[in-house]
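The values are calculated or read from the model by the stated rules, or taken from the named source; none is laboratory data. Note that the structure is predicted; figures quoted are calculated from it, not measured. Note: ideal-geometry Cβ built from the backbone for every residue, glycine included; neighbour counts use all protein chains shown. When the accessible area is computed, the model is the full protein with side chains, heavy atoms only, and any ligands, DNA or RNA have been set aside. Shrake-Rupley method; radii C 1.70, N 1.55, O 1.52, S 1.80 Å.
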Amino acid sequence: MKSNKEFIIQFVGLKLGVHSFEFEIGTTFFSEREYSIIDTGSVRVLMTLEKKETMMIADFLVNGIVSTYCDRCNDPLELGINGTYHLIYKFGLEPGDDETLFVLHPDAYELDVSGQLYEFITLSLP
């Protein structure tokens, strides 16, 4: 899987407060994923990132259309997806127990959200 710079947020230069990001995800994004259950798609993700002293709180709004295969008959299928997701990024050295909590090393300066975006899109499938 290639690293895509458009999904990397350099949070070190961001001031404390709320910041908005928008991601347009297309077919290339899904084709770069190994074993992707989605073939093609056009998905728009709006991300709101609230930067605080010791953590960042992210809210994602996922909306779009993807092409995949039916679970029953394996025919091609186009589905509309829609979902909202909430994550917390905390600085520290101890791993978190919560699936919505990501612990970042204190020296980290950027955040790659491509993995979370793919997970949110697949979770939005009916």
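The charge dipole of the chain, taken about its Cα centre with unit charges on the Cβ of Lys, Arg, Asp and Glu (plus for the first two, minus for the last two), comes to roughly 300 debye. Residues whose amide H lies under 5 Å from that of S36, counting only those 5 or more places away or on a different chain, are absent; hydrogens are built 1.01 Å from N in the peptide plane. Summarising the strand pairing of the chain, around 90 percent of its internal DSSP beta bridges are antiparallel.
Surface composition of the chain: carbon plus sulfur atoms hold 51% of the accessible area, using a 1.4 angstrom probe and ignoring ligands, DNA and RNA. Just to confirm a number: summing +1 for Lys and Arg and -1 for Asp and Glu over residues other than F91 whose beta-carbon lies under 15 angstrom from that of F91, what do you get? Overall, the nearby charge balance is -2.
In order along region 47-59, the Karplus-derived 3J(HN,Hα) couplings, from 6.51 cos²θ - 1.76 cosθ + 1.60 at θ = phi - 60°, round to 10, 10, 10, 9, 8, 10, 4, 10, 7, 9, 10, 10, 10 Hz, and Gly and Pro are given as x.
Taking a sphere under 12 Å around the Cβ of V18 and counting the other residues whose Cβ falls inside, with K and R at +1 and D and E at -1, yields a net charge of +1.
In this label model, I37 and L79 are separated by 0.7 nm, measuring between points 7 Å along each Cα→Cβ vector.
Full extension of the segment from L46 to A108, taken as 0.36 nm per residue of separation minus the current Cα-Cα distance, would add 20.0 nm.
Taking 0.36 nm per residue of separation and subtracting the current Cα-Cα distance, fully stretching the chain between F21 and K5 would add 4.4 nm. Counting charges near L77 (Lys, Arg +1; Asp, Glu -1) among other residues having Cβ under 14 Å from its Cβ returns a value of -3.
Measuring r between the beta carbons of I65 and E94 and using R0 = 41 Å, the FRET efficiency lands at 0.55. Restricting attention to the chain, the count of lysine pairs at 8 or more positions apart or across chains with alpha carbons under 13 Å apart stands at 4. Calculated [222 nm] ellipticity per residue, helices only, for the chain: -3000 deg cm²/dmol; basis is -39500 (n - 2.57) per DSSP H run with n ≥ 4, divided by all residues, nearest 500.
Each Lys and Arg adds +1 at its Cβ and each Asp and Glu adds -1 at its Cβ; summed about the Cα centre, region 1-64 shows a dipole of about 200 debye. I'd like to know which of Y69, S124, Y89 lies farthest towards the positive end of the charge dipole of the chain, counting +1 on Cβ of Lys and Arg and -1 on Cβ of Asp and Glu. The listed residue farthest towards the positive side: Y89. Note on region 46-106: Rg/Rh from Cα positions, Kirkwood definition for Rh, rounded to two decimals, is 1.20.
A Stokes-Einstein calculation at 10 °C with viscosity 1.306 mPa s, built on the Kirkwood radius of region 1-83 over Cα pairs, returns a diffusion coefficient of 108 µm²/s. Principal-axis analysis of the Cα atoms of the chain puts helix 114-123 at an angle of about 50° to the longest axis.
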